[in-house]
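Since the structure comes first, as structure tokens, the remarks are kept for the end.
The values are calculated or read from the model by the stated rules, or taken from the named source; none is laboratory data. What you are looking at is a predicted structure, and each value in this text was computed from that prediction instead of being measured. Here the Cβ positions follow ideal geometry from the backbone for every residue, glycine too, while neighbour counts run over all protein chains shown.
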Amino acid sequence: MSSAGTKQQILHKTHTIMANTYTQIYIHSVFSPMRRDCLIHPQWEELLYKYITGIVQNNDHKMLAINGMPDHIHILVGMKPTQSVSELIRDVKANTSRWINENRLVKDSFQWQEGFGAFSYGHSQLDAIIPYINNQKQHHQKRTFKEEYLGFLKKFEVEFKDEYVFNFFQD
């Protein structure tokens, strides 16, 4: 083989070995059961969180924080660019609905409400958002889910129409 051919092979191998994608994508998602019913019971919420974590990890992402209340869940995920946020949340909702219903964890059929909130954070903000998610029970002693969610939409300057925001108990 000529030296030019060998050099081309080496360059090709080097390029293949070095060709990687590096990202730092942190997404905080919030979603709720249908009609925002308080269906997530303390008796099985930890199992649900572990199940959701498994789904996230099986999709090659990293769960950084998960917590919630009987009427909603927050997750913070370090995402790979191989899947969209919508695809991940659809996968989480479909699989957890099936799991909840197969295990008869609620009296009637369980469904997640359509839609979700998704908010991006930088690495330097993780020290603030992780404790926020981890302290949901204490946080909601002072603030309703509606106040919290609308606060996120306003903070992140997300344009929204009231009729398309989650159905809230107060409404």
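Details
- Residues of the range 86-95 satisfying the condition of being touching a strand residue (DSSP E or B) at 6+ places or on another chain (Cβ under 8 Å) and under 14 Å from GLN57 (Cα atoms): LEU88, ILE89, VAL92
- Residue list for the range 41-77, restricted to those being of a type in the set (D, E, K, R) and in a helix (DSSP H, G or I): GLU45, GLU46, LYS50
- Count of residues meeting criterion [touching a residue at least 40 places away in the same chain (Cβ under 8 Å) and within 17 Å of PHE116 (Cα to Cα)] in the range 40-54: 1
- Selection status of GLY68, small (Gly, Ala, Ser) and touching an Asp or Glu at 6+ places or on another chain (Cβ under 9 Å): yes
- Matching residues, the range 52-62, being touching a Gly at 6+ places or on another chain (Cβ under 8 Å) and closer than 13 Å to ILE89 by Cβ: HIS61
- Of the candidates HIS123, HIS74, the single residue that is touching a residue at least 24 places away in the same chain (Cβ under 8 Å) and within 25 Å of HIS41 (Cβ to Cβ) is HIS74.
- Subset of the range 77-116 that is free of Cβ contacts under 8 Å to residues at least 12 places away in the same chain and among the basic types (Lys, Arg) - its residue that is farthest from ILE40 (Cα to Cα): ARG90
- Those helices (runs of 4 or more DSSP H) of the range 78-171 in which 3 or more residues are among the hydrophobic types (A, V, I, L, M, F, W, C), modelled with pLDDT under 90 and within 20 Å of the chain's Cα centre (by Cα) occupy 145-155.
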